[in-house]
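Peer 1: Pasting a structure below so you can have a look.
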Amino acid sequence: MKTVLAIAMAVALAGLLLAPATDYAYKAGGGEACARCHEIAPQVEAWMESSHREVRCEQCHHSGMLTNMRRVRDHWAGEVPAKPRMKHADVLAMTERCRSCHQQEYAQWRNGPHSVTFESLFLDKKHNSERILMDDCFRCHGMHFEGGIEDLVQPVNTEGPWELKRADLKNTPALPCLSCHSVHRTGQPLKGHVRKAGISWREEIARPSLALFDRRSLAPVALGDLPLPVVYEDERPVKMSPDQRQGLCYQCHAPLAGGQIKSGDDRTPMGVHEGLSCLACHDHHRGTTRTSCATCHPRLSNCGLDVETMDTTFANKESKHNIHWVKCADCHPKGVPPKRVSSSSPRLAP
Amino acid sequence: MKRRSFFLVASGALTGAGCGHRRSAPFRTLSESEAATLEAWCDALIPSTDGTPGAKEARTSRYIDIQLTRRFRKFRPQYQQALAAIEKMTGGRFTEISVEERTVLLEKIEKGEGDKALWGPDGGREVFNLILQHTLQGFYGNPRHGGNHDYVSWRMLGIPVVPVRGRGVAYGA
């Protein structure tokens, strides 16, 4: 009798404690505690194999009491989604978590092009008056936004004036870390010393987290499934670097159907730099390039041009100096002159 | 009862109530045996062969189970009846017999030749088509809905998971 009573009390107590206890289960953080909730077993298993296996769940995932109670409530109400999925706000909050450990990458991303905000993408007068706003915009930026374009901007026409229906997103980055990185996947942590000793930038292998957040399937798609396109200069297939990491860039910086070089947002290197990877010149997060030139030049330069200061900037795709497409003949229309300076010429300092 | 054991019971009740001890996610609407029957059914509709994935790899039964909590909620009774009926026809061995044997049975249902006492006046034709349709959705649909696990059917067909597609294609003019 006494035992029965005790069990009854225990169960009642369990009810009372349920919320804090699940809260504890999440916070205790050992993957095991979390894994008890069957819905997230796949994530726990992936995490145990991932490069972040030494990072605890709640160092990335918000684990406030309210959130955890929401999780339990949804669970019991049968409102569990087809797959557990982070909300837009969770994704943004996580950027700050990433920042706490990866300050350098965060700062570079902040100063680079990919921290572009919702406001500058979706309230751009020129863009909006030329191209009608549509849901497809979210494929390449704002991919974590929950809703259609009409939930974000109004009016959806080419006349404007446009305003954000979700004014709170004005200064919010539209390409957060999780647009390009996914954490729950197999990968070895690279300990600093291994990296320095073994891998130079040239032969760098892809980091395991690289993945595009695919708006259609609402899931990150890993590098192995991001194809490198065949790009043509008229009929000729342009020689393409095999660097798989470019698969990520090409999801957004893509040529138009037909795959012609220079079409759409294409930047496939052709001419003197044909066959180089985007990441041979562009650094990961800042998007800057100048520091890269000296890694190959002057050794490979024929012309005695100072790559540190030479003009590469031409928004005009027809420019003869466009760094992505310049050919010997563009600068030497009468034919390449005979070589005068030796390749070790000091003219090309540094 | 000592205090310590009291807490053991309490924490047992907790974990029992809150989450199970399982590693792989249980089904949401179907019982374990119903799920197994459904999986055997789907497997006969789209069998896995040496080279190509089938309903099993695509996890179509999981897709159906998830959708039974949402869009397919109204079909729950039909599923329960059909799964019970097919088990009755085989003396509860539907999951054990071979794909070929299962196919023979399902062909009967497809033609509406099922026992009317078990399958209703149309001999099972309607529910057969319902399950077929849902299985195809779970096989070819987008993984976000719970089927086509790891894009297996798209891979089989050579459809890229995400194609390279610039802005402009969808812009018409």
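The values are calculated or read from the model by the stated rules, or taken from the named source; none is laboratory data. Note that the structure is predicted; figures quoted are calculated from it, not measured. Neighbour counts run over all protein chains shown; Cβ positions are idealised from the backbone, glycine included. In case anyone asks, the SASA skips ligands and DNA or RNA and just uses the protein heavy atoms, side chains included. Shrake-Rupley method; radii C 1.70, N 1.55, O 1.52, S 1.80 Å.
Peer 1: What average count of beta carbons from other chains do you get within 10 Å of the Cβ of residues in B:157-164? Mind showing how you got there, number by number?
Peer 2: Details: counts 0, 0, 0, 4, 11, 12, 6, 16.
Rounded to a whole number, the mean comes out at 6.
Peer 1: What relative contact order, as a whole-number percentage, does the stretch B:30-148 give when Cα pairs under 8 Å and 6 or more residues apart are counted? Provide the component values of the computation, followed by the final result.
Peer 2: Details: 138 pairs, mean separation 39.3, N = 119.
Here the relative contact order equals 33 percent.
Peer 1: Please report the accessible area of residue B:89 (heavy atoms, 1.4 Å probe, ligands and nucleic acids excluded) in Å², nearest 10.
Peer 2: Looks like 60 Å² after rounding.
Peer 1: How far, in nm, would the chain grow between residue B:73 and residue B:107 when pulled straight, counting 0.36 nm per residue and subtracting the alpha carbon separation?
Peer 2: On the way: separation 34, 0.36 × 34 = 12.24 nm, distance 2.59 nm.
Additional length available on full extension: 9.6 nm.
Peer 1: Tell me which trypsin sites (Lys or Arg not before Pro) from the stretch A:211-290 have a DSSP coil assignment and no more than 15 other beta carbons within 10 Å of their own.
Peer 2: Working: sites: A:215, A:216, A:239, A:245, A:262, A:267, A:286, A:290; in loops: A:215, A:216, A:239, A:245, A:262, A:267, A:286.
For trypsin sites (Lys or Arg not before Pro) across the stretch A:211-290 that sit outside H, G, I, E and B with at most 15 neighbouring Cβ atoms in 10 Å, the list reads A:216, A:239.
Peer 1: Roughly how far apart, in whole Å, are the Cα centres of the stretch B:94-137 and the stretch A:259-300?
Peer 2: One Cα centre to the other: 59 Å.
Peer 1: Further, regarding this structure: Is the shape of the stretch A:226-334 rounded, prolate or oblate, going by the alpha carbon gyration tensor and its root eigenvalues a ≥ b ≥ c, with a/c under 1.5 for rounded and a/b larger than b/c for prolate?
Peer 2: On the way: a/c = 1.78, a/b = 1.27, b/c = 1.40.
Cα axes put the stretch A:226-334 in the oblate bin.
Peer 1: Moving to a separate point now. Select from the stretch A:213-257 those chymotrypsin sites (Phe, Trp or Tyr not before Pro) which occupy a DSSP coil region and have at most 13 other Cβ atoms within 10 Å, ordered by residue number. Mind showing how you got there, number by number?
Peer 2: Details: sites: A:213, A:232, A:250; in loops: none.
Sparse-neighbourhood loop chymotrypsin sites (Phe, Trp or Tyr not before Pro): none present.
Peer 1: Can you give the average number of partner chain beta-carbon atoms within 10 Å of each beta-carbon in peptide A:127-137, as a whole number?
Peer 2: Across the residues of A:127-137, the mean count of other-chain Cβ atoms within 10 Å is 2.
Peer 1: What's the FRET efficiency of residue A:111 with residue B:48 using the Cβ-Cβ distance as r and R₀ = 51 Å, to the nearest 0.05?
Peer 2: Values: r = 50 Å, r/R0 = 0.99.
The computed FRET efficiency comes out at 0.50.
Peer 1: Under a crude label model (7 Å from the Cα following the beta-carbon direction), how far is residue A:327 from residue A:62 in nanometres?
Peer 2: 5.4
Peer 1: Same structure, new question: Using a 1.4 Å probe and ignoring any ligands, DNA or RNA, find the accessible area of residue A:98 and quote it in Å² to the nearest 10.
Peer 2: Residue A:98 exposes around 40 Å² with every protein chain in place.
Peer 1: Compute the length gained on full extension between residue A:49 and residue A:119: take 0.36 nm times their separation in residues and subtract their Cα-Cα distance, giving the result in nm to one decimal. Intermediate results must be reported in sequence, preceding the final value.
Peer 2: On the way: separation 70, 0.36 × 70 = 25.20 nm, distance 3.81 nm.
Gain on stretching residue A:49 to residue A:119: 21.4 nm.
Peer 1: May I pose another question? Could you list the trypsin sites (Lys or Arg not before Pro) in the stretch B:33-124 that lie in coil according to DSSP, counting only those with at most 15 other Cβ atoms within 10 Å of their Cβ?
Peer 2: On the way: sites: B:56, B:59, B:62, B:70, B:71, B:73, B:74, B:88, B:93, B:102, B:108, B:111, B:116; in loops: B:59, B:70, B:71, B:93, B:111.
Answer in residue order: B:70, B:71, B:93, B:111.
Peer 1: Provide the gained length on full extension for the span residue A:232 to residue A:290, in nm with one decimal, where the gain is 0.36 nm per separating residue minus the Cα-Cα distance.
Peer 2: Values: separation 58, 0.36 × 58 = 20.88 nm, distance 2.73 nm.
Length difference between fully extended and current span is 18.2 nm.
Peer 1: Compute the separation of the alpha-carbon centres of the stretch A:86-101 and the stretch A:133-161 and state it in Å as a whole number.
Peer 2: If you average the Cα positions of each part, the centres end up 22 Å apart.
Peer 1: A further question follows. Between residue A:167 and residue A:146, what is the spin-label point distance in nm, taking each point 7 Å from the Cα along the Cα→C-beta axis?
Peer 2: For residue A:167 paired with residue A:146, the spin-label model returns 2.2 nm.
Peer 1: Rolling a 1.4 angstrom probe over the protein chains, ignoring ligands and nucleic acids, what is the accessible area of residue A:96 in square angstrom, nearest 10?
Peer 2: Solvent-accessible area, nearest 10 Å²: 90 Å².
Peer 1: Which values of log₁₀ I(q)/I(0), to two decimal places, follow from the Debye formula for the stretch A:123-184 at q = 0.16 Å⁻¹ with a uniform point scatterer at every Cα?
Peer 2: So the normalised log intensities are -0.53.
Peer 1: Out of residues 5 or more away from residue A:181 or on other chains, whose amide H comes under 5 Å of its own, with H placed 1.01 Å from N in the peptide plane?
Peer 2: Sorted by chain and number, the residues that satisfy this are A:211.
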